[in-house]
There are 4 protein chains.
Amino acid sequence: MAIRVTVWNEYRHEKREERIAKIYPEGIHNAIAGYLKEEPDFEVRTATLDQPEHGLTDEVLENTDVLIWWGHMAHREVKDEIVEKIYYRVLKGMGLIALHSAHLSKIFVKLMGTSCTLKWREAGENERLWVVEPSHPIAEGIGEYIDIEQEEMYGERFDIPTPDELVFIGWFKGGEVFRSGCCYKRGYGKVFYFQPGHESYPVYHNPQIIKVIKNAVRWAKPVKMISEITCPNVKPLEKI
Amino acid sequence: MAIRVTVWNEYRHEKREERIAKIYPEGIHNAIAGYLKEEPDFEVRTATLDQPEHGLTDEVLENTDVLIWWGHMAHREVKDEIVEKIYYRVLKGMGLIALHSAHLSKIFVKLMGTSCTLKWREAGENERLWVVEPSHPIAEGIGEYIDIEQEEMYGERFDIPTPDELVFIGWFKGGEVFRSGCCYKRGYGKVFYFQPGHESYPVYHNPQIIKVIKNAVRWAKPVKMISEITCPNVKPLEKI
Amino acid sequence: MAIRVTVWNEYRHEKREERIAKIYPEGIHNAIAGYLKEEPDFEVRTATLDQPEHGLTDEVLENTDVLIWWGHMAHREVKDEIVEKIYYRVLKGMGLIALHSAHLSKIFVKLMGTSCTLKWREAGENERLWVVEPSHPIAEGIGEYIDIEQEEMYGERFDIPTPDELVFIGWFKGGEVFRSGCCYKRGYGKVFYFQPGHESYPVYHNPQIIKVIKNAVRWAKPVKMISEITCPNVKPLEKI
Amino acid sequence: MAIRVTVWNEYRHEKREERIAKIYPEGIHNAIAGYLKEEPDFEVRTATLDQPEHGLTDEVLENTDVLIWWGHMAHREVKDEIVEKIYYRVLKGMGLIALHSAHLSKIFVKLMGTSCTLKWREAGENERLWVVEPSHPIAEGIGEYIDIEQEEMYGERFDIPTPDELVFIGWFKGGEVFRSGCCYKRGYGKVFYFQPGHESYPVYHNPQIIKVIKNAVRWAKPVKMISEITCPNVKPLEKI
């Protein structure tokens, strides 16, 4: 059965800055979606901030198995009622892949319960992404590390809950490290935070980065719920 | 140095229902506070929902090392701006001990990022609280299990993030189990959820339960922050 | 590609005790193997203690993706050199499913690094296995719990390392709880401990139990190694 | 009550190589022990490989709360029966702090259940040790990172079980990262692996490194056992 993926993008940088439009002429969402469409079992659509309901109508959300999220300068413009809907969809099983600056998106922060703050520097420096859990499905087909020629630095301490599984640790030439690939379970849903992807560099054209995102989509696909999100008053199963 | 503890209670059941007032004549908060005051290194105060600002003024919060929370029927009456303040105090290091029905309190749910729903039954049945991490400081001085003659049943699946540390598992006579003692780190703060404590039974007069709460206070006391909750733009530490 | 499963059994109880032979006329290994063969993508074979090299020649081990282990009274008869070979196969990616009394098998204890002791009682009592991680692949297709009419009691404290993932918690009528489904990563290999399966009861004829074992086989299948089990002296990747 | 610490050292490099003797004239053990003795509540002794029973007689082990271990070239000379004794002492509550090349010591490998292999390079390069869990007692009093001017590089993938708590991540100038401060529970005992400390550099004269070791001693001190390392056959606590 197909995995239905929705790639969401704030889609502002690409429209405002020529240097970024050169890297992603159709926007980051269409770049990622294009690569995901190479997989015959993925059904891919996109949605962006400036569409009605941010492109995330009930119909779209109900038919999304995995939501990929890229946002940066306009986190605050995302409406709380849409965030609330996404939140409950995750608790009911929808996968969420939060990319790069989505660390401060409303939905990611709400699911984490922490500030998700970090150190940063935009200096186009080299990053090396080390695999620390090579048997994790998200690392499948990746070698010992991924070399990223130019990336924004994101450094510790990253204020997140301890990841359920830590798959990647990033090394930055300027002297920092970062927990760059972090897995969480929230309700029935699986959440993967993946640090690479500053808009100024062609990171989402890197085949290894795309491979990780594809792996994460498969890992995060929903399971069937066995109970509702309620607090049922239940009868005893044994004599008391 | 003293550990400054604030015991917060909704304090409604005790005022409305005689059978509960008999168990906790001064309220659950004063019962717990009374036991905590036995410790010479604890400085204990209380606060309740119906006080101005729910008794949690900036001055009180700034001078609280560990906040104990009991709430049940009136979670929704707790003002969002107070919840927000508590949240940032936790991220900055204040410990939080969420007792029993506080699983649905606004502050606990916000820190968890999940629905925190569970199964329940009020049948006065026997619970046995098994220690599964006997080397954890919160289990210090407790034997293999704590026997609670009568308790409300709380059953799995409890919709929480996987605990950083699972200290207790509850067994209920009616056939359910529960992750009854769960530790989390959130920002600089430590959070402990502890399931026992339904208002209808004298659970907080049980010396073993009080021992666990005292241990949790010591475990949850703040550490010194080494960085602010911000996203600083930093210079490289190495030549890039 | 097929998943190559080897079901290993001590195979002593079934040959010595008629009441057990009635439940498993061909041995526990053949009962489990029979059910696994229902899956078209599983290639299943069996091996037992009294075969040469316990049926685990280099050729068998090299062609095993997932090894299922049932042992009880004769743990000590398993030769250390065979255990050593299994150990390195796990570190190189072979999955291991340790069933029931395999908690004290040499291979499981060696992979855990703890005593793996527990409480026990053979009283034919009821067990209820609660799912606490419903989105885990090992719980797929299982409801809220599995009811086992008669099982040997295994109780906490179970002296294991904190599981990477805790999927099931067992409830026993006599008053105990148990971490009954525990996932670990060791090297490139995945290890699942699953508590049900005392030889005196027909537990491995329970379709839900078999479903869990099948799920565990799929979860534990090997990934490709990206590095050897050595300590290489490496050149710097950057100028130092 | 005093914490009784035994600092164990292989003590070969210092006797054979003048350049190392210059850094640690009395051996690494006496350097560390000297600093630990600054704490009034620590009772400190040392033991070395070439003493009878490696200095770890039953009497010494029974009176050790926390054992610090430094070994490198002579891991294989440590007698298995002594390793076995240390192992059971850890399971019964003795803390173990494994320093640097102790990653391949028999006792650490036995407690981990993995190969504990890693990448390495001796190039005297700079390491920066980042704190990722600032609220952990082992990080108390440490700033955002520890700068180590010269250190042997230890790089991922480090073949260890996922740490219960990951406190430090190391950054190396040559391009690697490392999980440099890892906490584990094993039985009643606590185990801390701490990567810094190559014999060729004066790492154990760094006050921050010593502070971490002192913190780890306090964190790892034993708790009282509530059960034996046995598999007791128990009576039901409830009617079955």
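Contact map, the range A:10-30: residues that are of a type in the set (Gly, Ala, Ser) paired with residues that are modelled with pLDDT of 95 or more and buried (at least 22 other Cβ atoms within 10 Å of the Cβ), Cβ distance under 6 Å, separation 6+ or inter-chain. Pairs shown: A:ALA21/A:GLU14; A:GLY27/A:ASN9; A:GLY27/A:TYR11; A:GLY27/A:GLU14. Going by the conditions given, is C:GLY141 in a strand (DSSP E or B), in contact (Cβ under 8 Å) with a residue 40 or more places away in the chain and more than 8 Å from chain D (Cβ to nearest Cβ)? Spelling it out, it is not the case that C:GLY141 is in a strand (DSSP E or B), in contact (Cβ under 8 Å) with a residue 40 or more places away in the chain and more than 8 Å from chain D (Cβ to nearest Cβ). Among the residues of the range C:199-232, the ones that are over 21 Å from A:ALA139 (Cβ atoms), basic (Lys, Arg) and more than 12 Å from the chain's Cα centre (by Cα) come to 1 in all.
So, A:ASP164, is that one in contact with a Lys or Arg (Cβ under 8 Å, 6 or more places away or on another chain), surrounded by fewer than 21 Cβ atoms within 10 Å (Cβ to Cβ), of a type in the set (Asp, Glu) and within 14 Å of chain B (Cβ to nearest Cβ) or not? So A:ASP164 passes the test. Of everything in the range C:144-160 that is part of a loop (DSSP other than H, G, I, E, B) and at the interface with another protein chain (Cβ under 8 Å from one of its Cβ atoms), the residue that is farthest from the chain's Cα centre (by Cα) is C:GLU144.
When the residues of the range B:220-240 are filtered to those that are of a type in the set (A, V, I, L, M) and facing chain A (nearest Cβ under 7 Å), which remaining residue is farthest from B:MET153 (Cα to Cα)? Result: B:ILE240.
On inspection, B:PRO163 does not qualify as touching a helix residue (DSSP H, G or I) at 6+ places or on another chain (Cβ under 6 Å), of a type outside the set (A, V, I, L, M) and assigned to a loop (DSSP other than H, G, I, E, B).
The test for being more than 19 Å from D:PHE178 (Cα to Cα), among the aliphatic types (A, V, I, L, M) and more than 13 Å from every other protein chain (Cβ to nearest Cβ) holds for D:VAL217.
Scanning for something among the small types (Gly, Ala, Ser), in contact (Cβ under 8 Å) with a residue 40 or more places away in the chain, closer than 19 Å to C:PRO163 by Cα and surrounded by 24 or more Cβ atoms within 10 Å (Cβ to Cβ), does the range C:69-77 turn up at least one residue? No, the range C:69-77 contains no residue that is among the small types (Gly, Ala, Ser), in contact (Cβ under 8 Å) with a residue 40 or more places away in the chain, closer than 19 Å to C:PRO163 by Cα and surrounded by 24 or more Cβ atoms within 10 Å (Cβ to Cβ).
Screening B:LYS190, B:LYS224 for residues that are part of a loop (DSSP other than H, G, I, E, B) and among the basic types (Lys, Arg) leaves exactly one candidate, B:LYS224. In the range C:175-202, which residues are more than 14 Å from chain D (Cβ to nearest Cβ) and free of Cβ contacts under 8 Å to residues at least 60 places away in the same chain? Scanning the range C:175-202 gives C:SER180, C:GLY181. Can you tell me which condition C:TRP171 does not meet? The list is (1) under 30 Å from B:GLY143 (Cα atoms); (2) under 15 Å from the mean Cα position of the chain (by Cα), and all the others hold. Going through (1) under 30 Å from B:GLY143 (Cα atoms); (2) under 15 Å from the mean Cα position of the chain (by Cα) one by one, C:TRP171 breaks only (2). Just wondering, is there one or more residues in the range A:40-51 that are within 23 Å of A:ARG186 (Cβ to Cβ), touching a residue at least 60 places away in the same chain (Cβ under 8 Å) and buried (at least 22 other Cβ atoms within 10 Å of the Cβ)? Within the range A:40-51, not a single residue is within 23 Å of A:ARG186 (Cβ to Cβ), touching a residue at least 60 places away in the same chain (Cβ under 8 Å) and buried (at least 22 other Cβ atoms within 10 Å of the Cβ).
Restricting the range B:6-35 to residues that are in contact with a Ser or Thr (Cβ under 7 Å, 6 or more places away or on another chain) and of a type in the set (Val, Ile, Thr) leaves a set whose member that is nearest to B:HIS205 (Cα to Cα) is B:ILE20. Reported count of residues in the range A:101-131, each being within 15 Å of the chain's Cα centre (by Cα), away from chain B (no Cβ under 11 Å) and surrounded by fewer than 23 Cβ atoms within 10 Å (Cβ to Cβ), is 1. In the range D:204-220, the count of residues that are part of a strand (DSSP E or B), basic (Lys, Arg) and surrounded by fewer than 24 Cβ atoms within 10 Å (Cβ to Cβ) is zero.
The values are calculated or read from the model by the stated rules, or taken from the named source; none is laboratory data. The structure displayed is predicted, hence computed values, not measured ones. Here the Cβ is made from the backbone with ideal geometry for all residues, glycine too, and neighbour counts use every protein chain on show.
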